[in-house]
There are 2 protein chains.
Amino acid sequence: MEVINSVHNNEVKHVVALHNKKERVISKEFIAEGIRACFTLLKSEIKLKKFYCTSTFYQQHYQELESFSVTLVSNAVMNKISTSHTPSGIVGIFDMPDNSLADWTTSGLVLAQISDPGNAGTLIRTAAALKIPTVVCIESVDLWSPKVVQSSAGTIGMVNIKQCSWQDLLTHIPSSSLYALTVTNGQDPYNTTLTNSYIVVGSEAHGIPEEWLSSCQHKITLPMPGNTESLNAAVAGSIALYLSFYKNSF
Amino acid sequence: MEVINSVHNNEVKHVVALHNKKERVISKEFIAEGIRACFTLLKSEIKLKKFYCTSTFYQQHYQELESFSVTLVSNAVMNKISTSHTPSGIVGIFDMPDNSLADWTTSGLVLAQISDPGNAGTLIRTAAALKIPTVVCIESVDLWSPKVVQSSAGTIGMVNIKQCSWQDLLTHIPSSSLYALTVTNGQDPYNTTLTNSYIVVGSEAHGIPEEWLSSCQHKITLPMPGNTESLNAAVAGSIALYLSFYKNSF
């Protein structure tokens, strides 16, 4: 079994470079951390390149890991390749899937200028739980960043990810299928038919850009009797997705 | 206007100490950061002690701030008293409300061993948006910690917070009102009557302790056709709260 103890090793440098989008785009690889996220990724069609583990972690999990390509690393190397303050002891390198040729399904989720990786990953996790086939990412955080993969709990491999522009979206999805989730002035999704719907979720701070909003035929708004300003974006989007699920549109 | 430039000032030391539960319990005070969370707190019955602002921040917001007690601080002091990597420029000290004498309402939310401050705060935010009157916190993260207050977007003042034991809860709320949210084997809340309900949400990693679960008369489970392991705890709890809202129980 290969062992790396030096933080100056070239492989280590490559894994560290994958913390940034630039290297991910060039190498078409991304990283995931933690046994749960890594093994959830393996349940999808995402391909593993290799695992890096500390020896302590490997000893605890060798039965699960023995059929995979594993490189043992020192604690110093793990601290370097992990993006976490308290590394779990395992980092996996995976091939980024190419979803560009995947069909545009009739239903999906659109992340519109969502910059928070936690919100983006959590929304992907809800979409995966509901078997929503397509997640479209427009001017949002890079969905292959370690924090998004982490917040998705590794479910990002279960949906088709499309990173494109709003104009691209409009060439594939009719305006009548676009349901913008807004803080005010929309219909309550509980009382709305949501068939063949793409639910568009914007950022908490700025919402959905006005121009994009005007090309969505429908607006939906969750009731907030407590008169608070808004809900967490991931929560609001997830509730809207669930309500549309109960309406049997997916 | 008072000005503090030294990080060794006693007031600065007190604010820093409020980052920890021990000092919050002694002084019955807590801190909030960011103009949005602070002003949302002021919409509730929570009382402000004072604001600490950088002069840059004060100049940008003096119209909103001029009627409040404000102490100007240097950037070094702000970096010290803020819990954020990128301080917004305002920290508020507030009196912790005493909800121990508040009535036990017929409906509410129970946080059962929720250790993640982001999940706890997000659930409080959903409860506030839905006008759910009571949030019970059992063996969970301290709800007055800066991260919980932040994730609640300042809405924590809009609900009655009760921090107690499971046994205490059972002396006030009948088992027939307790709806445990579980990953499997519960009824779909969409098809369940949820009247006078306390929805019990456990941690993602460990769920609700078996003994506690056995004293809940009802179990509810959200459908997950995508065969993922679970949803984010804040998302699952929020969806359950919303579905119970639509059932008109709150």
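At-a-glance table
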read-out	value
Cα shape, the stretch B:85-148, gyration tensor, a/c 1.5 rule	prolate
Label-point separation in nm, A:Asp103 to A:Glu211, each point 7 Å along Cα→Cβ	3.2
Residues in the stretch B:200-240 that, when all protein chains are in place, have 30 Å² or more less accessible area than the chain alone would give (probe 1.4 Å)	B:Glu204, B:Pro223, B:Pro225, B:Gly226, B:Thr228, B:Glu229, B:Ser230, B:Leu231, B:Asn232, B:Val235, B:Ile239
Relative contact order for the stretch B:108-246, counting Cα pairs under 8 Å that sit 6 or more residues apart, in percent	29
Inter-copy label distances at B:Asp188 (7 Å, Cα→Cβ; nm, one decimal)	2.1
Per-selection Rg to Rh, chain A - Cα, Kirkwood hydrodynamic radius	1.03
Accessible area, probe 1.4 Å, largest first, for residues A:Tyr62, A:Tyr52	A:Tyr62, A:Tyr52
Karplus (6.51, -1.76, 1.60) ³J(HN,Hα), θ = phi - 60°, over the stretch B:192-209, in Hz, Gly and Pro reported as x	10, 6, 10, 9, 6, 9, 10, 8, 9, 10, x, 7, 5, 6, 10, x, 8, x
Filter on A:Lys22/A:Lys50; B:Lys13/B:Lys43; A:Lys131/A:Lys247; B:Lys50/B:Lys131 - keep pairs with C-alpha separation over 22 Å	B:Lys13/B:Lys43; B:Lys50/B:Lys131
Mean separation of Cα contacts under 8 Å (6+ apart) over length of chain A, as relative contact order %	20
Amide H contacts under 5 Å for A:Leu178, placed H, 5+ residues apart	A:Tyr198, A:Gln217, A:His218
B:Gln187 long-range amide H proximity, modeled H, under 5 Å	B:Lys219, B:Ile220, B:Thr221
The stretch B:3-95: Cα Rg divided by the 2.2 N^0.38 Å rule of thumb	1.00
Complex-versus-alone comparison for the stretch B:144-166, residues with a loss of 20 Å² or more in accessible area, probe 1.4 Å	B:Met158
Selection from A:Thr122, A:Tyr52, A:Ser230 lying farthest towards where the dipole of chain A points positive, charges on Cβ	A:Tyr52
Accessible carbon and sulfur surface of chain A relative to its total accessible area, %, 1.4 Å	48
Translational diffusion coefficient (Stokes-Einstein; Kirkwood radius from C-alpha pairs) of the protein assembly as shown at 25 °C, 0.890 mPa s, in µm²/s	101
Computed log₁₀ I(q)/I(0) - Debye formula, equal Cα scatterers, no solvent, the stretch B:74-207, q 0.15 Å⁻¹	-0.75
Largest-first ordering by accessible area, 1.4 Å probe, given options A:Lys28, B:Lys247	A:Lys28, B:Lys247
Residue-averaged 222 nm ellipticity for the protein assembly as shown, from DSSP H runs of 4+ at -39500 (n - 2.57), nearest 500	-9500 deg cm²/dmol
Shortest-first nm distances, A:Lys28 label point to equivalent points in other copies (7 Å, Cα→Cβ)	6.4
Distance between modelled label sites at B:Thr56 and A:Thr184, nm, 7 Å Cα→Cβ extension	3.2
Nearest-20 debye value, the protein assembly as shown charge dipole, Cβ charges on Lys, Arg, Asp, Glu	140
Loss of accessible area when B meets A, both sides summed, Å² nearest 100, probe 1.4 Å	3000
Shortest-first distances to equivalent copies, position A:Met96, nm, label 7 Å out along Cβ	4.6
Accessible surface, the stretch B:1-63, averaged per residue in Å² (probe 1.4 Å)	58
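The values are calculated or read from the model by the stated rules, or taken from the named source; none is laboratory data. From a predicted model like this one, the values you see are computed outputs, not experimental measurements. Ideal geometry is used to build each Cβ from the backbone, glycine not excepted, and the neighbour counts take in all protein chains shown. Remember, those area values only see protein heavy atoms, side chains included, never the ligands or the DNA or RNA. Shrake-Rupley method; radii C 1.70, N 1.55, O 1.52, S 1.80 Å.
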